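This report refers to the structure that appears directly beneath it.
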Amino acid sequence: MGHWASPDQVWACALVFARVGSVLMLLPGVGETSVPPRVRLTFALLLALAMTPIVQSSLPAMPDTVGAMGGWILREVTVGLMLGALLRTMMGALNVAGEIVSIQTSLSFAQTANPEAPSEMSLASFLTVTGLTLVFATNLHHLFIGAIVNSYSLFAPHKHLLLGDAGQMAIKLTSESFMVGVQLAAPVLVFGLVFNAATGLVGRVMPQFQVFFAATPLNVLMGLSVFALSLGTLGLVWVSRYHDVVDGFLR
């Protein structure tokens, strides 16, 4: 006689899969649009099977009605989407930094002159790919799994859904993400301030000199040089701040 899973075990795994699958839809790395949906679903199912024995004690018993089952599934999906969105918020810091650098180095003007150019070809996309590489290179994705497991203590199924606290945390992380993005682009911002002040002074001293045509290539070259020199520190600072954010879910 074969060994089959009991209805309670199937129900527990379905609840875990609802939360884990929702988190992985937005989780950095696995939740990217370039990852095929079939791969994400397979990984979510394997992760749910591995996590079910760990968190099964905190899960509710299987209800008697289909409506109650749907309510529990909807609740777990909501918690998973909230957790995934919170974990992905800090990725916005890299987009902010990339856009600031593009504006300061005049590279963003290329998309204005040619609107048909693909928007993915920007420094923001480059920094996003760099950030994803650092996430896996520094084993930060292991903390993501720990945060999902610990979410059953923060957002336990038998407790009330803390939407107010989640909203306040989202506002805090969004503001912190923007602040970190500006801090990451600070070297290029300082360079842009000094360079623009210098070109303005030259324009005032020599009104006949074509400052724009001479300054634009220098702005691009020197701005990208400053960005390249600060790229290593930029990555370390971002990973450190992201680690602090994820570590907050583990406490």
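Candidates Ala170, Ala137: the one that is closer than 20 Å to Arg75 by Cα, of a type in the set (A, V, I, L, M, F, W, C) and either surrounded by fewer than 20 Cβ atoms within 10 Å (Cβ to Cβ) or touching a residue at least 12 places away in the same chain (Cβ under 8 Å) (or both) is Ala170.
Residue check: Thr33 meets all listed conditions (1) among the hydroxyl-bearing types (Ser, Thr, Tyr); (2) under 30 Å from Pro187 (Cβ atoms); (3) at pLDDT below 85 but one, namely (2). Is there a residue in the stretch 75-85 that is over 29 Å from His243 (Cβ atoms) and in a helix (DSSP H, G or I)? Yes, the stretch 75-85 has at least one match. Counting only helices (runs of 4 or more DSSP H) that sit completely within the stretch 181-251, those holding 2 or more residues that are among the acidic types (Asp, Glu) correspond to 231-250.
Note on the stretch 27-50: residues that are of a type in the set (D, E, K, R) and surrounded by fewer than 11 Cβ atoms within 10 Å (Cβ to Cβ) total 1. Give the residues of the stretch 69-88 that are under 19 Å from Val180 (Cβ atoms) and open to solvent by 30 Å² or more (accessible area, probe 1.4 Å), sorted by residue number. Listed by number, the residues that qualify are Ala85, Arg88. Take Ala186 and decide whether it is within 25 Å of Ser58 (Cα to Cα), open to solvent by less than 60 Å² (accessible area, probe 1.4 Å) and small (Gly, Ala, Ser). So Ala186 fails the test.
The residues of the stretch 203-219 that are loosely packed, with under 15 Cβ neighbours inside 10 Å and in contact (Cβ under 8 Å) with a residue 12 or more places away in the chain, listed by number, are Thr216, Leu218. Listed by position, the helices (runs of 4 or more DSSP H) enclosed by the stretch 90-157 that each have at least 3 residues that are of a type outside the set (Lys, Arg) and modelled with pLDDT of 85 or more are 92-104, 123-137, 140-154.
If you go through the stretch 51-64 and pick out every residue that is open to solvent by 80 Å² or more (accessible area, probe 1.4 Å) and free of Cβ contacts under 8 Å to residues at least 60 places away in the same chain, you end up with 4. Of the residues making up the stretch 31-63, just one is in a helix (DSSP H, G or I), under 19 Å from Leu132 (Cα atoms) and of a type in the set (D, E, K, R), namely Arg40.
The values are calculated or read from the model by the stated rules, or taken from the named source; none is laboratory data. If you're wondering where the values come from, they're calculated on a predicted model, not measured in any experiment. Don't worry about glycine lacking a Cβ; one is built from the backbone with ideal geometry, like all the others, and counts go over all protein chains shown. Calculation scope for accessible area: heavy atoms of the full protein, side chains included, ligands and nucleic acids excluded. Shrake-Rupley method; radii C 1.70, N 1.55, O 1.52, S 1.80 Å.
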